[in-house]
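The values are calculated or read from the model by the stated rules, or taken from the named source; none is laboratory data. Because the structure is a prediction, the values reported are computed rather than measured. Here Cβ is always computed from backbone atoms with ideal geometry, including for glycine, and neighbour counts include all displayed protein chains. To get the accessible areas, we keep the full protein, side chains included, count just its heavy atoms, and leave off ligands, DNA and RNA. Shrake-Rupley method; radii C 1.70, N 1.55, O 1.52, S 1.80 Å.
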Amino acid sequence: MIFDEKLLFSKDQALTETAASTDVLDMENRTKVGRGKPLRVVVVVTEDFADGTNLDIALQDSADDSSFANLQTSGVTLVADLTAGKTFEFKLPSEIRRYLRLNYTIVGTHTAGKVYAGIVQD
């Protein structure tokens, strides 16, 4: 799997509290994506999570880069399962609004845990 620097949401982003991805992708006029070859969003845990309770990841879009809505969620994953190498995947919908980001919802206080995330081609 190859990540493109311009299609990254998080680059070893530390997650100790609820936060949006460090980067929001501006899809400009590409609101119909993935024609021909499907695209997916991949999130990889790069550092084991410690403490806290769980994590839920949401792929979100927005028309104006201020009000985001969930397109898909990963579902709750317990911290014991958030070890380096754990991967989450979302199929990128064929129609999206202009801006994309990930939102990481944390329950409890995590003292460690990092993720790397971006759009990749199947």
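Numbers at a glance
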| item | result |
| --- | --- |
| Area of T109 that stays accessible when all protein chains are in place (1.4 Å probe, Å², to 10) | 100 Å² |
| C-alpha center-to-center spacing [the stretch 70-120, the stretch 1-25] in angstrom | 9 Å |
| Environment charge at K86 (Cβ cut-off 13 Å; Lys +1, Arg +1, Asp -1, Glu -1) | -3 |
| Radius, Kirkwood style, for the chain when every pair of distinct Cα atoms is counted (Å) | 14.5 Å |
| Accessible surface, 1.4 Å probe, highest first, among residues Y99, Y104 | Y99, Y104 |
| Computed accessible area, T105, all protein chains, 1.4 angstrom probe, square angstrom | 60 Å² |
| Listed residues S66, S10 arranged by accessible area, highest first, probe 1.4 Å | S66, S10 |
| Accessible area in square angstrom per residue, the stretch 52-122, 1.4 angstrom probe | 47 Å² |
| Rounded accessible area of K37 (nearest 10 Å², 1.4 Å probe) | 120 Å² |
| Entries of K91/K114; K86/K114; K11/K37; K11/K86 with Cα pairs more than 19 Å apart | K91/K114; K11/K37 |
| Percent accessible area from carbon and sulfur atoms, the chain, protein chains only, probe 1.4 Å | 44 percent |
| Protein-only accessible surface order, largest first, of V24, V44 at 1.4 Å | V24, V44 |
